[in-house]
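Here is the structure we will look at.
The values are calculated or read from the model by the stated rules, or taken from the named source; none is laboratory data. The model shown is predicted, which means the values in this text are computed figures rather than measured ones. Glycine also receives a Cβ, built like all others from the backbone with ideal geometry; neighbour counts cover every protein chain displayed.
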């Protein structure tokens, strides 16, 4: 079974050629990061006037799915870091302009509320610790949620304001280097605070009217379908992927994403009920992907269990990614 890639064959071969070494080293290689920046993948949602690719949401999802199929660690890193770059549409304009001057800008971050912020002298006194941030080792900036007057508030930190600690010891997604970070008690200026809400964007592009929960659910879910497609390809089984249950659910998810994108382009909001339904659909797709892959895995020989084999790496990456809170079926 062959897979048509949006990326050209040389690019696919180049990425896969680094994947095993990246896993052994526990981080994407310098060549892979160079490629990420050359292709501008971290800015795939951002409009052209923000140095972005300006991809419509449905096209961005297909790009992320393809990257996950090529190499899951690279695809996941692009997904999480490009999601953090989406926050640029909510930053104070002068700060955003200053960040764009930065060469090879890379924002990593965590969605956990891991610290506190207290108003002080026109800024904030902050401290905190967060368990994981994909791409932390190559980040120039970090986004993090803190508790401010009893509410969750997002802040931006520069890399030299952050300390990393090595704690990423999972069986899969090793090359994402999703280590933890902490912020020692310190003062930061007020413009580092921002709210992630469709009503608080500071740039008019419709992508910033997308609820973050919707964006996260869609982008994470297509990573799982991309990995499943690659697993089926490596398993060399005779099947029609579009006829599988998970792929049909994947198509329904993409259809809903297209419909939501049209809503945003028309200047309207996606309702909370629709966001909840899309989150449920992302979890459902992940569950179907896991079942599909496990059914194939159970019928394979020891090749699938050998860590040096790509098919085993895909299996481990998928099962690690599927533990993300937004993708787990919570009882």
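Just a few scattered comments:
- Exclusive hit being modelled with pLDDT of 95 or more, more than 28 Å from residue 310 (Cβ to Cβ) and in contact with a strand residue (DSSP E or B) (Cβ under 9 Å, 6 or more places away or on another chain), set 91, 42, 99: 91
- Beta carbons closer than 7 Å, at least 6 apart along the sequence or on distinct chains, pair a first residue in the range 299-322 that is in contact (Cβ under 8 Å) with a residue 12 or more places away in the chain with a second that is exposed (fewer than 15 other Cβ atoms within 10 Å of the Cβ) and part of a helix (DSSP H, G or I) for 311/303.
- Residues that are assigned to a helix (DSSP H, G or I) and more than 19 Å from the chain's Cα centre (by Cα) occur at least once in the range 30-43.
- In the set (1) touching a strand residue (DSSP E or B) at 6+ places or on another chain (Cβ under 9 Å); (2) assigned to a helix (DSSP H, G or I), the condition left unmet by residue 325 is number (2).
- Residue within the range 267-276 that is within 30 Å of residue 199 (Cβ to Cβ) and surrounded by 18 or more Cβ atoms within 10 Å (Cβ to Cβ) present: yes
- Tally of residues being surrounded by fewer than 19 Cβ atoms within 10 Å (Cβ to Cβ) and either touching a helix residue (DSSP H, G or I) at 6+ places or on another chain (Cβ under 9 Å) or in a strand (DSSP E or B) (or both) across the range 116-147: 11
- Among the residues making up the range 163-177, a single one is out of contact with any helix residue (DSSP H, G or I) (no Cβ under 7 Å at 6 or more places or on another chain) and surrounded by 15 or more Cβ atoms within 10 Å (Cβ to Cβ): 168.
- Out of 105, 67, one residue alone is touching a residue at least 60 places away in the same chain (Cβ under 8 Å) and assigned to a loop (DSSP other than H, G, I, E, B). It is 105.
- Here residue 257 passes the criteria (1) touching a helix residue (DSSP H, G or I) at 6+ places or on another chain (Cβ under 6 Å); (2) surrounded by fewer than 20 Cβ atoms within 10 Å (Cβ to Cβ) except the one numbered (2).
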